[in-house]
Amino acid sequence: MTKTYKIEVDCANCAAKMEAAAKKVQGIKDVSVNFMALKMNVEFCEGVDQKVVMKEVLKVCRKVESDCEIFF
C-alpha cells in the first residue's frame, strides 16, 4: 500500500537525507520525498500498522532536521 503525506522541510538536501533515513525504518518498502511539492510518498510492507511505522519515520526524520513535520 502506498500513501502520500504532506511534509514541512526547509531544504532539498535535508529532504534527501530524510528520504534515506526513512527507507531504513522497519515496515517501509520504499520512500520518495519531493521537496518542491513538500510531499512524501511511502510504500508500506504488507500487514504493518501504518501509524506506528509513520511515528518511527517522523522520529528518524527529526534526527536529520529537528523541526521537520509529517502530517498523518
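The values are calculated or read from the model by the stated rules, or taken from the named source; none is laboratory data. Quick caveat: nothing in here was measured; it's all calculated off a predicted structure. Here Cβ is always computed from backbone atoms with ideal geometry, including for glycine, and neighbour counts include all displayed protein chains.
For the stretch 24-68: of the residues being of a type in the set (D, E) and under 16 Å from E8 (Cβ atoms), which is farthest from the chain's Cα centre (by Cα)?
Out of the qualifying residues, it is D67.
For residues that are assigned to a helix (DSSP H, G or I) and out of contact with any helix residue (DSSP H, G or I) (no Cβ under 7 Å at 6 or more places or on another chain), scanning just the stretch 5-40, find the one that is farthest from K63 (Cα to Cα).
A12
Kindly check whether there is at least one residue in the stretch 21-33 that is loosely packed, with under 15 Cβ neighbours inside 10 Å, modelled with pLDDT of 95 or more and among the acidic types (D, E).
Among the residues of the stretch 21-33, at least one is loosely packed, with under 15 Cβ neighbours inside 10 Å, modelled with pLDDT of 95 or more and among the acidic types (D, E), which makes the answer yes.
Condition first: surrounded by fewer than 11 Cβ atoms within 10 Å (Cβ to Cβ), in a helix (DSSP H, G or I) and at pLDDT below 95. Now tell me which residues in the stretch 41-67 satisfy that.
Once the filter is applied, which keeps residues that are surrounded by fewer than 11 Cβ atoms within 10 Å (Cβ to Cβ), in a helix (DSSP H, G or I) and at pLDDT below 95, the stretch 41-67 yields nothing.
In the stretch 1-20, which residue that is of a type in the set (D, E, K, R) and in contact (Cβ under 8 Å) with a residue 24 or more places away in the chain is surrounded by the most Cβ atoms within 10 Å (Cβ to Cβ)?
K17
Inspect all residues belonging to the stretch 27-49 and state whether any of them is out of contact with any Leu (no Cβ under 6 Å at 6 or more places or on another chain), aromatic (F, W, Y) and farther than 18 Å from C68 by Cα.
Yes, that holds for at least one residue.
Which residues, taken from the stretch 15-52, are out of contact with any Asp or Glu (no Cβ under 7 Å at 6 or more places or on another chain), of a type in the set (A, V, I, L, M) and within 13 Å of M1 (Cα to Cα)?
Those that are out of contact with any Asp or Glu (no Cβ under 7 Å at 6 or more places or on another chain), of a type in the set (A, V, I, L, M) and within 13 Å of M1 (Cα to Cα): I28, V42, V48.
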